[in-house]
Each structure stands twice: as structure tokens, then as C-alpha cells.
Amino acid sequence: MSNKLSSSLPTDREVVLGILNNSDDALNKLYVGYFPMILQFILSNNGDEDDAKDVYQEAIIVLYNKIKSGDFELSSKLKTYIYSVCRRIWLKKLSKESKKAINVADFEDIEAVDTDMEALEEKDQQFEKMKSSLDLLGEPCKTIIQDFYINNLSMQEISEKFGYTNTDNAKTQKYKCLQRLKKLFFQA
Amino acid sequence: MRNELELDAIIEDFLNGKLTQEERKAFEQLRANDPAVDHKVVTHQFFLDSMKKYGDTLSLKDKMNAIHATIDVESLSDKLKPHPSYIVNLWRNNRSAFAVAASFLLLAMVSIYSIQHNTKQNGSYEVMSRELVKIKNSQNNLIRNINNSKLEKVPVNPAKFGGTGFALTSNGYLCTNLHVINGADSVHVQNANGESFKAKVVYQDPQYDLAILKIVDKNFVELSSLPYKINKGNIGMGEDVFTLGFPKDDAVLGEGYVSSKTGHAGDTTAYQVSIPVNPGNSGGPLLDNRGNVIGVINAKEYQVDGAAFAVKSKYILEALNAIPQDSLGKKVVLKKSPLVGLNRTKQLDMIQDYVFMIKVYN
């Protein structure tokens, strides 16, 4: 089995409630608590620390989305779930690289997480699409859009930040940016 | 272009629920009438959702990166990365299997141990002769002996070993265990009143660990006829039995029952008896409630409580056959033991004159 995990493992219930309440503390405990397990898994299966970080963060995102979507029923322990998801992600990455079936050395019990993985891939694609669209959009459009839609700044604040003489100009600029972004996003 | 912008703003407000009641109604009217507007609403909704998810994921990643920065990954990976040694890896990967195997092994060992030591009585065998506590030859005693020469002659040597014996005939033939008197220079017997008589060994039977002594002391007065007889046959399991012996300087009663028809390690010449016995009980008679001698206590299981052994009485009769019949004196055949029907105290009163402490000097 894995080496002893850090002693401050949160309870499964604590984590689920924490995520539903957007608690940063719960995320912190979750992240720190289970990272060593995944690090050990990846290191023992031809990966390095960065691989572990990527895989682990992806798994946490899967867990987040699952909990947030409300259909989260923990059929086994959270630990097993995280481990299984990471294992699947890592297997996928390994097989992409070498294009053949690979055996990994296991440290924990595993469970089937196929449906979650499909959802993850879909989300992943959308995320990448949005990311590349925004990158293609270029500045200042990218920042204006992000400020408005993600950081929830008002048009007033945005026009001040970018030095527009009035909010109408800012609105026009945002409109143009948005049209281009939508085009990029839906075309890609 | 201006109109497009306005429309876009309205759609966004609509989706964010910022329109007033009337505006909302008007817009829904417009949407129902104009498929182009409706399409715009749907795509914008999808876009906004994607954007929101993108934002959420982005912020989650930021948070995780911040947390990740607080973890000392290097030292952790030093601790967790696969050890270069094959054995350590094997241990880490199969720790649970090892644990199961180890506990199974432990369990098996414990079971075997307990079976060997408790279930089956084949422990070592301990004969019940008593090493008498060495009486100190104190200076005082010697002085008194010198001053008080009237005193009865006492053996200068204290006895080394002791056991128990019981009368087979009224003229002084006694039965005891061979191991009690084995290697003796001289044997004395002492009766319940503390009188000591010299005895000699007339028969030894190493096969059944039996010995027959004869009191050869001129002070010895013949006993009245024996209150018990020697049982010829076998006796059943569960029979209540008692013994009288000398684990200390006074007679001690032990009561119990026959717990097995065979003795140590299936020895068919002996019974197993559940009775408390101690060193010094060797050679004592084992009697049933009807006053029959059914055996001679000779040993107990080492480190096992309540498992003593007694040589079966028919071997006493065999031993007696080796002695010339006429020297055994008048043979009184008891029809019925006078002990029958008496309570234990009365029985013991009658028996105790016939049970002797054997003192061995060498």
C-alpha cells in the first residue's frame, strides 16, 4: 500500500460539503491530503513530479465537476475514486505516447470511472477550445472579455481600466471582441 | 451595427435575468417571431455557459497551483519514488499480501502450539516422589543429643526422598512405587502415629514401577486385618476415587475421579486420574468409594493440572504373586470391605493406619 498519507486527511463528507460551498479550505485539505498517493503512483509508473501534478489536478477537476453537477454519489471511498480517475488519466497519457497496452503498478483499490472520464474529455475539449479561442483573440480583447465574463467587472470599471473615454466606446469594443471570439469558438 | 449591439446587450440581460417584466415579455415575443433572434439566444447561452465553466476551471487551477506551491514536492517524491532495490519495491507493492501471509503464519503457529500444549496431554512426565527438605543438622540438636542420651535413637542422616506406601498384608508387606525406593541404601516407613520402622525391599517391578517392601523392625506390631481389598478388574471412567498420601509430614487426602482408562501417552497399564497430587504422593493407594484399591498413584503430567496417573491394581496382584504365599501370612479374603457405606471421614480413620510415609536414605 502507499506510504502513510499526511495525517490531516479530511473526511469524505467534509470534502463534498466543502466543494459545494466553494470552500478554499476544503480544497486545500483535499489537495494536500491525497497528492502524495498520486505522486507515488505516477513516480512508480514512469512519470515525474510534473506529470503527477497535471494528472492530479485533472482528477480534482473531474471530482469538482461531478460534485457540482449534483449527481455525486460516492459508491466507494473518495480516496479510491481519486486514485481510479488518476489511474485512468495516466493510462491514457501513457498509451498516447507509446500506442500500446500498458500495465501499471497499483497501490490502491480501483473502481470503474468510465462515464466520468467521458464527461471529463468533453469538458476538457471545451476548455481547450475556449482557451485557444481566447489566445487567438489577442489583447486587449482577451482581457476585456475575461474581465467582463469571468472576473465580473462592470463596463464602467473596464472602460476606466482600459482608458476609454466613455462606457459606450468600451461596450462597442467589447461587442466587437465578443463577435470575433464567438466566431473563433464556434468555428474551431 | 448599432442595432446588433443593442440586441446583443438585450440578449445578455435576458439570459442574466436583468430585464424587467414588460421588457421580458416583449423580448420573448420577438424571439418567438424571429428564428434568427432565437438562434442567437441559444448560441449565446451556450457560449456563456462555456465561458463560465472555463472561468471556473481556470480559477480552480489557479487555486490548485497556489496550493501545489505550498507542498514540498521534492522531499515527498524522495520519500515516495520507487526504491532502487527490488526487495524494497516488492515490499511496498505487496505490503498487504505480506501482512496477510504473516498473520496466517502466526495464527498457524499459535494453533499448533496450543494443540501441542493443551489439547493433547503428551507433555513430559513427572514422578511424584518427594525430595525431603534437608533438615538442618543444627548445632543445638547435636548438643541435645549428647546431653540427653536417653533420647530414642534417631537416624543421623535425614531422609533424602519420600513417598507413600500402603499395607498389602497385616504382617507388614507394603506396596509403593519403584521410583520412590530406587537406589535406596535403607528404607524406613513411618505410620500415622509417627512411629518409624525399618523396612527392606523384597520385590521390584521396573515394568510397572511397583515395589513391595517388608517391615523388618522388631518394634512392629502386626496390623489388624486390612479394611480394603485389591481390585482385580478394570474400573470405568468417571469413578469417584480418593487417595491418601504424604506430600508433607502429615497424611493428605486427595479426591477426584478416573478421567481416562489409559495413562501417559496411551499407557494401558495405568489410569489417568483427575486428582490433586504433589511430590510425595507417589506410591499412595487409589481407592474407590467401596474401599477397593484400584491403583497406585505414580506420576502426573508435567505442567498440566488435574492429570495424575495411577498404576492399575491388577499389577499389584501380579507383583504379590512373586512373593512366596506362606510368607504373606494368613490371607483374609474380604467378602465386603468394611469401608462400604461409610462417609469419607470414617473411611479415612480406618485407612490411615495402613498408609505409611516412606523415607529413603542413600
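The values are calculated or read from the model by the stated rules, or taken from the named source; none is laboratory data. Predicted model only: the values in this text are computed from it and were never measured. Please note: Cβ atoms are built from the backbone with ideal geometry, for glycine as well, and neighbour counts cover all protein chains shown. Side chains are part of the model used for accessible areas, which takes the heavy atoms of the whole protein and leaves out ligands, DNA and RNA. Shrake-Rupley method; radii C 1.70, N 1.55, O 1.52, S 1.80 Å.
Here are some notes:
- Under the combined filter of DSSP loop state and at most 11 neighbouring Cβ atoms within 10 Å, region A:21-76 retains none of its trypsin sites (Lys or Arg not before Pro).
- Chain B contacts chain A over a buried accessible area of about 4000 Å², both sides summed; the probe is 1.4 Å and only protein chains count.
- Note on B:Thr268: accessible area approximately 90 square angstrom, rounded to 10, probe 1.4 Å, nucleic acids and ligands left out.
- GNM top mover of A:Gln126, A:Gln146, A:Gln57 - chain A, alpha-carbon springs below 10 Å: A:Gln146
- Pairwise centroid distance, computed over Cα atoms, of region B:244-259 with region B:1-74, Å: 101
- Applying both filters, DSSP loop and at most 16 other Cβ atoms within 10 Å, to the trypsin sites (Lys or Arg not before Pro) of region A:89-188 gives A:Lys99, A:Lys100.
- Average Cα contact separation per residue, chain A, under 8 Å, 6 or more apart, as relative contact order %: 16
- Sorting A:Ser23, B:Ser224, A:Ser84 by accessible area puts them as B:Ser224, A:Ser23, A:Ser84; the probe is 1.4 Å, largest comes first, and only protein heavy atoms count.
- Loop-resident trypsin sites (Lys or Arg not before Pro) (DSSP state other than H, G, I, E or B) in region B:1-69 with no more than 12 further Cβ atoms inside 10 Å of their Cβ: B:Lys18.
- Taking every protein chain into account, the accessible area of chain A amounts to 52 square angstrom per residue (probe 1.4 Å).
- Three-way shape label, region B:156-236, alpha-carbon gyration tensor, a/c 1.5: oblate
- Accessible surface of B:Thr20 - all protein chains present, 1.4 Å probe, nearest 10 Å²: 70
- The angle between the Cα long axis of helix A:24-43 and the longest principal axis of the Cα atoms of chain A comes to about 50 degrees, rounded to the nearest 10.
- Net charge of neighbours whose Cβ lies under 12 Å from the Cβ of B:Lys40, counting Lys and Arg as +1 and Asp and Glu as -1: -3
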